[in-house]
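Asks: I have a structure here, written as structure tokens, and I will follow up with some questions on it.
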Amino acid sequence: MELTEYISHVKSDTGLLLRASERTGLTAAVPSCVGWDVLKLLTHLTRVHHWAAAILGGANRESFSFESPDEAQLKGVVEEGVSKLSGALRALPPTRPVWTMFSDLPPAMFWARRQAHETAIHRVDGELAAGFGVSEIDSAFAIDGIDELLMGMLPSRVSSPIGRPFVVTVAPLDANAGWTVTFGPDGVTTRLGAVDVADLTAFGMAPDLYRWLWNRAGDDEIALRGDLTLADAWHQHVRIGSR
């Protein structure tokens, strides 16, 4: 995907999230983020946007500070965060060194991709809170998000020992792609390609798999083959912490 496509997704998904928040109000619970309400969801996302924009602008990520806006200012601060992030992504000189969490992508592409999927998943959270269904997710974007999660986020962020080793294959039905994820005593490793023999295989259309892998869809929204108890193990271990 191109930089401009990621930026477009950040803008459109933030807009959808704000629209969902208008339906629910800020005190509504977010079922996919236990203990969160819509206010916390929006505050978290705009903080992440401002944080990424600051990093792209050369700020020290450890010293970044963000004052949570009050409810009257919230929408404006969210929109400001998107604007700052978009501008910083477009303005980043190719040769400027910028910290990234994982991946060997150029910094602008890394942050555009990471923020696009961060925003998309939290847009889903807002729509689940609203209870009116989840807006369509583009298949190519979903494939990209699955790859980012499985190849980048999981190996780098899920490092706790797994007591019961198991292998999960992820096989979207609408793309020539697949991934094999191994949970072991040293954490998680992922390789491209789907193996014929796995403890659990997850099938489905890419947008549904994308949400399921991020624990934003039920087991009944995709197809599972193998040891179905491992779906619960997936949901238990794949819990990406937030800032």
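The values are calculated or read from the model by the stated rules, or taken from the named source; none is laboratory data. Only a predicted model underlies this, so the values are computations on that prediction, with no experimental measurement involved. Don't worry about glycine lacking a Cβ; one is built from the backbone with ideal geometry, like all the others, and counts go over all protein chains shown. For the accessible areas, the whole protein counts, side chains as well, though only heavy atoms, and no ligand, DNA or RNA atoms are used. Shrake-Rupley method; radii C 1.70, N 1.55, O 1.52, S 1.80 Å.
Asks: Got a sec? Charge dipole of the chain, +1 on Cβ for Lys and Arg, -1 for Asp and Glu; which of 76, 120, 149 is way out at the positive end?
Replies: 76
Asks: Kindly point out which whole DSSP H helices in the chain project their C-alpha atoms 15 angstrom or further along the helix axis while averaging a Kyte-Doolittle hydropathy of -0.5 or above.
Replies: 3-24, 38-56, 74-91, 107-130
Asks: A further question on this structure: Largest first, please: the extent of the C-alpha atoms of the stretch 120-243 along each principal axis, to the nearest Å.
Replies: Computed over the stretch 120-243, the largest-to-smallest principal extents equal 40, 34, 24 Å.
Asks: Positive end of the dipole of the chain, charges at C-beta (+1 Lys, Arg; -1 Asp, Glu), about the Cα centre: which of 56, 226, 207 has its Cα farthest in that direction?
Replies: The Cα lying farthest towards the positive end belongs to 56.
Asks: So if I place +1 on the C-beta of Lys and Arg and -1 on the C-beta of Asp and Glu, and nothing else carries charge, what would the dipole magnitude of the stretch 1-124 be about its Cα centre? I want it in debye, nearest 20.
Replies: Approximately 160 debye in magnitude.
Asks: Could you give me the radius of gyration and the Dmax of the stretch 61-106, taking only the C-alpha atoms into account and expressing both in angstrom?
Replies: In Å, with Rg to one decimal and Dmax whole: 13.9, 40.
Asks: For the chain, what is the accessible area per residue in Å² when the probe is 1.4 Å? Walk me through the numbers before you get to the answer.
Replies: Details: 11310 Å² over 243 residues.
Normalised by residue count, the accessible surface of the chain is 47 Å².
Asks: Determine the principal axes of the Cα atoms in the stretch 62-160, then give the extent along each, sorted from largest to smallest and rounded to whole angstroms.
Replies: In descending order, the Cα extents are 40, 30, 30 Å.
Asks: Semi-axes of the chain's equivalent ellipsoid from the Cα gyration tensor, sqrt of 5 times each eigenvalue, largest first, rounded to whole Å?
Replies: Working: eigenvalues 174, 93, 55 Å².
The answer is 29, 22, 17 Å, longest axis first.
Asks: Once you have the alpha carbon radius of gyration of the stretch 1-58, what is it after dividing by 2.2 N^0.38 Å, with N set to its residue count?
Replies: On the way: Rg = 13.3 Å, N = 58, 2.2 N^0.38 = 10.3 Å.
My calculation over the Cα atoms of the stretch 1-58 gives 1.29.
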